[in-house]
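To keep things clear, I will list the structure first and then write my remarks on it.
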Amino acid sequence: MPLSTNLQNVGKMPSRRQEKVARIVREVVSSAISTQLSDPRIVGIVSVTRVEMAPDLRAAEVYLSIFESSESKDQKIEADRNKTFSAINHARSFIQSLLADRLESKFCPVLHFHSDENYRKTMEVINLIDQVSSEFGESSEQESSEETED
């Protein structure tokens, strides 16, 4: 069940307990992905961008950003991202068991993984701005050199 249908405190700040459990979930998931999962489908760098806890602490929405370590074709990058995401989703119960060992709670939250595209989109915008600024810099250099020749 998605978190949005389980929220009773929509628009309210998370409690300290929610923040604490979210921090632990983020640490455990990050550690598990980077050190304990040896699935060959996981390629590139996987970052846990944020974790949102349900008010009853029984569900955790985990947002992941997957960055490619190499410059490949766009189709291959997207296919690798999908494979990495499915591998992590496949290991969800293992990650959840690691989380249960770490939490001192009656219940272990059920993990729901989501792809977080915000960082990738931000990087694309920054690259476009850099590209436009370099083109603008080249055109202004050409104009200044033409003025000095006159």
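The values are calculated or read from the model by the stated rules, or taken from the named source; none is laboratory data. Just so it is clear, the model here is predicted, and its values are computed rather than measured. Every residue, glycine as well, gets a Cβ built from its backbone with ideal geometry; the counts of neighbours run over all protein chains shown.
When the residues of region 107-123 are narrowed to those that are within 14 Å of the chain's Cα centre (by Cα) and part of a strand (DSSP E or B), which ends up surrounded by the most Cβ atoms within 10 Å (Cβ to Cβ)? Residue satisfying both the conditions and the ranking: Phe113. Is it the case that Glu61 is within 15 Å of Asp116 (Cα to Cα) and either in a strand (DSSP E or B) or modelled with pLDDT of 85 or more (or both)? In short, yes. Number of residues in region 44-58 that are assigned to a strand (DSSP E or B) and closer than 19 Å to Ala91 by Cα equals 7. Among residues of region 40-58 being farther than 16 Å from Ala100 by Cα and among the basic types (Lys, Arg), the one that is modelled with the highest pLDDT is Arg50. Residues in region 80-96 that are without any contact (Cβ under 8 Å) to a residue 40 or more places away in the chain and either farther than 16 Å from Ser31 by Cα or surrounded by 13 or more Cβ atoms within 10 Å (Cβ to Cβ) (or both): 7 in all.
Checked against (1) at pLDDT 90 or above; (2) over 15 Å from Val110 (Cα atoms); (3) of a type in the set (S, T, N, Q), Gln75 meets all criteria but (1).
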